[in-house]
Structure formats: C-alpha cells, structure tokens
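The structure appears below as structure tokens.
The values are calculated or read from the model by the stated rules, or taken from the named source; none is laboratory data. A quick note: this is a predicted structure, and the numbers were derived from the prediction, not measured. So basically every Cβ, Gly included, is an ideal-geometry build from the backbone, and we count neighbours across all protein chains shown.
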Amino acid sequence: MNKHLAEPSRERSHVEAALDANAFRHIAGHWVTGVAVVTTIDQAGNPLGLTMNGLTSLSLSPPQFLICLDNKSETLAALRDSRVFCINFLHRDQRDLSTLFATKNSNKFLGVEWTKGVTGAPILGGGLGHMELRLGQLLSGGDHQIAIGEVVAADVRAGEPLAYFNGKYRSVAE
C-alpha cells in the first residue's frame, strides 16, 4: 500500500482512501497549470496580491472565473471588503514575479510595474493578459474559499505562458 494512503475503513460502502496533505500536494502537482497573480485592494486602496494556480473559467454567459484562496490569506480578507479582483496571467519570463507574489512580503508591489484597472484592482505589467472581476459569491471549500467573479474587463496579448508542473516552472511546447 502507498505510504501516503490511510488504510481504508471496513465500514465504507465504496473503495476510498484518505490522502495525507503531502501526498495530495504531490499528486495534484502532476496536473500542469498556468500561473497567475491575483490582485485586489484593501479598504485604504492599497494593492495586495498572491501567486496562484487554483483558478479556472466557470461560465461563458455570464463570463465567470473562479479562484481558490486560503482561508488565512490577507488577499482574501481584502477581496471580501473590496468585492473586486484581477487575475493576471503571467508570461514565461515572469518567474521572478511569481516567486515574489508567492511570499508573505508586505511590500510585494514595491518596484513592480502596475496600473489601476477599471475596478481599482491592480493590473500587472508584462503579462499575457488579465481579467478584472466583481465578486459574486464566496463558497467554503475546506481550508480555502472559492471566489466566483464576473468578468467586467479583460485584455490579452501574444506570448508563452508561465506553466507549473511537478513543483517546477515549465515551458509550454507546441
């Protein structure tokens, strides 16, 4: 039996095994994802943001995306108040930006090129594109919140995305 799997209970009606957090992270890491920085503003208008790959399109009509934020995230707290966020799709040359926004640094925007979008959320420079969203719903998802937003503005440009697979940044080959 895999060392990360708990022994299945005899009382369960179907085959099921619980993964520990490390095993789950390892297995989930085998799903290739794009890398984005999600940004918002706090009540004082200060920018906040974090690197994430827990996001996906949800609906075409209305146009919606969802993101998943840790319950303890400062960005989540600010998003709850501002009700707006921006998904910044990173270019393959933006690894440093991804690494910066993955930290707990309180001055992540210092020296970073950005502009205020129509929602007030920061749009980072140099990315493949962005979507500005108004928060519609927050749903509980274990140790995360699932934020569903409706797209109110967006833009895209050509280039290669920053991808993440098996704990490392990767290139996307055609």
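Residue check, LEU97 against (1) touching a strand residue (DSSP E or B) at 6+ places or on another chain (Cβ under 8 Å); (2) in a strand (DSSP E or B); (3) not basic (Lys, Arg), all met but one. Which one?
(2)
Hey, can you tell me all the residues within the range 132-153 that are in contact with a strand residue (DSSP E or B) (Cβ under 8 Å, 6 or more places away or on another chain) and free of Cβ contacts under 8 Å to residues at least 60 places away in the same chain?
Across the range 132-153, the qualifying residues are GLU132, ARG134, LEU135, GLN137, LEU138, LEU139, SER140, VAL152, ALA153.
For the range 56-88, which residues satisfy the criterion of being under 20 Å from LYS104 (Cβ atoms) and assigned to a loop (DSSP other than H, G, I, E, B)?
Residues satisfying the conditions are ASN71, LYS72, SER73.
Just checking, which of LYS104, LYS108 is under 24 Å from GLY45 (Cβ atoms), crowded, with 16+ Cβ neighbours inside 10 Å and either among the hydrophobic types (A, V, I, L, M, F, W, C) or in the same structural domain as LEU58 (by TED's automatic domain parsing) (or both)?
Among LYS104, LYS108, only LYS108 is under 24 Å from GLY45 (Cβ atoms), crowded, with 16+ Cβ neighbours inside 10 Å and either among the hydrophobic types (A, V, I, L, M, F, W, C) or in the same structural domain as LEU58 (by TED's automatic domain parsing) (or both).
What are the residues in the range 53-63 that are within 20 Å of ARG95 (Cα to Cα) and either modelled with pLDDT of 95 or more or outside the structural domain of GLN94 (by TED's automatic domain parsing) (or both), if any?
Of everything in the range 53-63, nothing turns out to be within 20 Å of ARG95 (Cα to Cα) and either modelled with pLDDT of 95 or more or outside the structural domain of GLN94 (by TED's automatic domain parsing) (or both).
Can you find a residue that is in the same structural domain as ASP42 (by TED's automatic domain parsing), modelled with pLDDT under 95 and not in a helix (DSSP H, G or I) anywhere in the range 112-135?
Checked the range 112-135: no residue is in the same structural domain as ASP42 (by TED's automatic domain parsing), modelled with pLDDT under 95 and not in a helix (DSSP H, G or I).
Quick check on the range 145-158: of everything there that is under 29 Å from ASP93 (Cβ atoms) and within 14 Å of the chain's Cα centre (by Cα), which residue is surrounded by the most Cβ atoms within 10 Å (Cβ to Cβ)?
Applying the filter and picking the extreme gives GLY149.
Out of the residues in the range 17-42 meeting the condition of being among the polar types (S, T, N, Q) and over 19 Å from LYS104 (Cα atoms), tell me which one is modelled with the lowest pLDDT.
THR33
I'd like the full set of residues that are under 14 Å from HIS144 (Cβ atoms) and either at pLDDT below 95 or surrounded by fewer than 19 Cβ atoms within 10 Å (Cβ to Cβ) (or both), limited to the range 77-92.
Residues satisfying the conditions are ALA77, ARG80.
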